[in-house]
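All remarks here apply to the structure that follows.
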Amino acid sequence: MNQANAMNDIKLNDVMLTMDIADTMRHSRLLVERELNADMRDQEMIDKVRSIYESQGIEVTDEIIEEAVAAIRDKRFAYRQAPSGLRTRLWHIYVKRGRWIKKVGVWFAAVLAAWGIHYGVVTIPQTKELNYQITQINQGIVDAKSGVSVQSERLARIRALLKGEKRQYPVTLQDTADGIRRDVVSDLQKAEGLLASAAEFSQKADLKPGNFVEKKKPASDRLQQQQSLLEKANNKITVAEEQILLLQRLDQVPQELKQLREHIKSVSAVPAATALSDDYYDEGFAALRSRDGQKIQKAIGKMKALLATIQSEYSLRVVSQPGQPSGVWRSPDANSNARNYYLIVEAITPEGERLSVPVVSEEDGKTRNAAMWGVR
């Protein structure tokens, strides 16, 4: 067994030496040039190789040198490039895996980071905004549909009140009462038509991310039209409601106007306030004669506001605000050569609230409510 191993070692050494000689011959410019440029005899090649190795203290046999020369001529030890193809490319990729795996890892990390930033900065806010819009429109659709029912119930309730209002009014107020009834009937009829139109725009609240782009505009347009109709119907019903309330106490209005005017005159020491109360009183009775319930309410409201102002405690303070003058010069129309100086004042309560109070103009004698006015 040992002898066989020794023989294998000798053969291996010969092969290795042969390969070394072939490599030496390839890298020796002189030998290569001579071998390429002339048809050198094998013996000359053998002698030259032997001299190279003898100079290095290595003894080689003629057989090994001849084998090396033959190997060079047969290109046994020459590098042969692998044929190109899918298999070769795959082997190249595998051999260089350490290099491209690192690059792919860096690229993947960069893509992942960019995706994370985009998701946090763009996708999440967009998703929240989308869900918010979907919720708003769906809820609006539900509320509008419910609004039609609520307003219809209000309309039915006012109609029932009108039907049950059969009291007798004084002769002086009968025309006004009839006019208010006609106004209420007209407002309710208009509101009923508006509600019927609004009901036609009802729709399903089925918007979701999958159909939002397609359904958003038509759903929003229908909702806006429905909401607009509902708002108009609500206004008509509200006016009718106020008119019914006025009708229920219509016989008390003349007495209320008289009591308010007398109360203002009893507590006011300012002629302008008394004159203003007379104006509001006349407005109220004119509205009664013209059967205008809204103007009646407005006249009563003005008198109540005037009384509240008169009963309020306030002090006059010269205006001192940016862009607002504290005084002005004016020339009266009656005498353009004269010049009057007015301090601009306002009425302030102890709590700091600004009041609108009745003021008589010395230029035209008219009484007006004013939050700021001039005092000569």
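Considering each residue of region 204-219, count those that are surrounded by fewer than 17 Cβ atoms within 10 Å (Cβ to Cβ) and in a loop (DSSP other than H, G, I, E, B), and give that number.
Total satisfying the criteria: 6.
Which residue pairs have Cβ atoms under 7 Å apart, sit 6 or more places apart or on different chains, and have a first residue in region 164-176 that is under 11 Å from Arg249 (Cα atoms) and a second that is open to solvent by less than 90 Å² (accessible area, probe 1.4 Å) and among the small types (Gly, Ala, Ser)?
What qualifies is Tyr169/Ala177.
Could you tell me whether any residue of region 58-81 is of a type outside the set (A, V, I, L, M), modelled with pLDDT of 75 or more and either within 30 Å of Lys215 (Cα to Cα) or not in a helix (DSSP H, G or I) (or both)?
Quick first cut of region 58-81, residues of a type outside the set (A, V, I, L, M) only: 59, 61-63, 66-67, 73-77, 79-81.
Next, from what is left, pick out any that are modelled with pLDDT of 75 or more: none.
For region 58-81, residues of a type outside the set (A, V, I, L, M), modelled with pLDDT of 75 or more and either within 30 Å of Lys215 (Cα to Cα) or not in a helix (DSSP H, G or I) (or both): absent.
Every residue in region 102-140 that is farther than 24 Å from Lys216 by Cα and either open to solvent by less than 90 Å² (accessible area, probe 1.4 Å) or in contact with a helix residue (DSSP H, G or I) (Cβ under 7 Å, 6 or more places away or on another chain) (or both), please.
Answer for region 102-140, where residues must be farther than 24 Å from Lys216 by Cα and either open to solvent by less than 90 Å² (accessible area, probe 1.4 Å) or in contact with a helix residue (DSSP H, G or I) (Cβ under 7 Å, 6 or more places away or on another chain) (or both): Val104, Gly105, Ala109, Ala110, Val111, Ala113, Ala114, Gly116, Gly120.
Matching residues to (1) open to solvent by 60 Å² or more (accessible area, probe 1.4 Å); (2) touching a Phe, Trp or Tyr at 6+ places or on another chain (Cβ under 9 Å); (3) more than 18 Å from Ile244 (Cβ to Cβ):
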{"residue": "Lys166", "(1), (2), (3)": "yes, no, no"}
{"residue": "Ala199", "(1), (2), (3)": "no, no, yes"}
{"residue": "Ser202", "(1), (2), (3)": "no, no, yes"}
{"residue": "Arg222", "(1), (2), (3)": "yes, yes, yes"}
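When the residues of region 141-163 are filtered to those that are under 15 Å from Phe201 (Cα atoms) and without any contact (Cβ under 8 Å) to a residue 24 or more places away in the chain, which remaining residue is most open to solvent (accessible area, probe 1.4 Å)?
Per the stated criteria, the residue is Asp143.
May I ask you to verify whether Ser320 is open to solvent by 90 Å² or more (accessible area, probe 1.4 Å) and under 46 Å from the mean Cα position of the chain (by Cα)? Please lay out each step first, then the result.
Numbers: open to solvent by 90 Å² or more (accessible area, probe 1.4 Å): yes; under 46 Å from the mean Cα position of the chain (by Cα): yes.
Criteria met by Ser320.
Can you pull out the residues in region 299-314 that are at pLDDT below 75, of a type outside the set (Phe, Trp, Tyr) and open to solvent by less than 100 Å² (accessible area, probe 1.4 Å)?
Ser312
Assuming Ala233 fulfils every condition listed in (1) open to solvent by less than 40 Å² (accessible area, probe 1.4 Å); (2) modelled with pLDDT under 90; (3) within 24 Å of Glu165 (Cα to Cα) apart from one, which condition is it?
(2)
Can you pull out the residues in region 236-275 that are β-branched (Val, Ile, Thr) and under 30 Å from Leu162 (Cα atoms)?
At the first step, the residues of region 236-275 found to be β-branched (Val, Ile, Thr) are 237-239, 244, 253, 264, 267, 270, 274.
Result: Ile237, Thr238, Val239, Ile244, Val253.
Within region 275-291, can you find the residues that are within 19 Å of Val171 (Cα to Cα), charged (D, E, K, R) and surrounded by fewer than 18 Cβ atoms within 10 Å (Cβ to Cβ)? Outline the logic, then answer.
Of all residues in region 275-291, those within 19 Å of Val171 (Cα to Cα) come to 284-291.
Checking which are charged (D, E, K, R) leaves us with 289, 291.
Matches in region 275-291: Arg289 only.
So, in region 243-274, how many residues would count as being part of a helix (DSSP H, G or I), in contact with a strand residue (DSSP E or B) (Cβ under 9 Å, 6 or more places away or on another chain) and open to solvent by 40 Å² or more (accessible area, probe 1.4 Å)?
1
The values are calculated or read from the model by the stated rules, or taken from the named source; none is laboratory data. All figures in this text were calculated on a predicted structure; none of them were measured in a lab. Heads up, the Cβs are rebuilt from the backbone with ideal geometry, glycines too, and the neighbour counts pull from every protein chain shown. All accessible areas refer to the heavy atoms of the entire protein, side chains included, with ligands and DNA or RNA removed. Shrake-Rupley method; radii C 1.70, N 1.55, O 1.52, S 1.80 Å.
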